[in-house]
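Quick notes on the structure that follows.
Read the figures in this text as sums done on the coordinates, not as results from a lab. Because the structure is predicted, anything quoted here is derived from the model rather than measured. Heads up, the Cβs are rebuilt from the backbone with ideal geometry, glycines too, and the neighbour counts pull from every protein chain shown.
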Amino acid sequence: MRKIHSNKYKLLMLVIALILFKSFIWEEFFVHPTASDALKEENGKTALVENINQKESFGVAKTKEGFKVYALAEDFWGWKVADEAFVSSKTTKKKLNIKRERIQWEDDYIKEVILIATADEDVVKVRAFENNNEINLSKVPNNHKAMYFAYQEDLFSGSVRIEAYSKDEKLLYKTIINQ
């Protein structure tokens with residue numbers, strides 16, 4: 001009878017130890033339970049995390065120099081950064097900094113990303129077109145800077161036209177980016 005109580009006590013202590021280990025050590029130091037947790041260790045302030053599906057997310061962080069985008073993937077140990085890209089918000093003669101990148105998730109899952117950053121306060125709207133069809137751009141504001149972005153599974157075909165407008169809908173800047 002005494003041995004049974006001793007075994008129950010040992011089992012109870014083991015369960016408590018496992019729960020404490022998982023809660024305070026495992027999740028804190030070894031694993032990122034969410035995509036947002038994976039971004040906390042990266043440079044910049046997390047601005048956005050969009051779920052693509054159950055195992056992949058797209059993240060954006062604001063930095064002093066511009067914006068970083070992240071391909072976030074879930075694996076055995078939790079969420080991690082699979083790939084990243086950066087676009088500066090500092091502009092010179094051009095109103096926009098534009099990048100067309102391919103970022104990769106796990107298992108060769110690649111998306112093409114268009115990143116458009118500006119620090120020009122006159123630019124209030126940016127539009128993008130592929131074969132005269134408008135691309136739906138998302139916007140991440142950051143004080144007097146902003147980043148517009150779009151991503152898709154299929155590569156953008158050929159060239160993409162980018163247009164920047166003022167608050168009174170005046171075209172300020174127009175360019176074409178190729179593959």
For Asn143 and Ser88, compute 0.36 nm times the residue count separating them, minus their Cα-Cα distance, and round to one decimal in nm. 18.4 nm
Of Leu72, Leu115, Leu20, which is the most mobile in a GNM of the chain whose springs link Cα atoms less than 10 angstrom apart? Leu20
Which of Ile103, Ile114, Ile52 moves most in a GNM of the chain, Cα contacts under 10 Å? Ile52
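Could you give the length gained on full extension between Glu169 and Glu130, defined as 0.36 nm per residue of separation minus the Cα-Cα distance, in nm?
Stretched out fully, the Glu169 to Glu130 stretch lengthens by 12.0 nm.
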In degrees from 0 to 90, rounded to the nearest 10, what is the angle of the helix 2-20 Cα long axis to the longest principal axis of the chain? 10
Estimated inter-spin distance, Gln54 and Ile177, nm [label 7 Å along Cα→Cβ]: 3.3
Difference of contour (0.36 nm per residue) and Cα-Cα distance, Ile16 to Trp77: 19.8 nm
Using Cα extents along the principal axes in Å as the read-out, say which of (i) 44, 35, 31; (ii) 60, 37, 32; (iii) 87, 32, 22 was calculated from these coordinates. (iii)
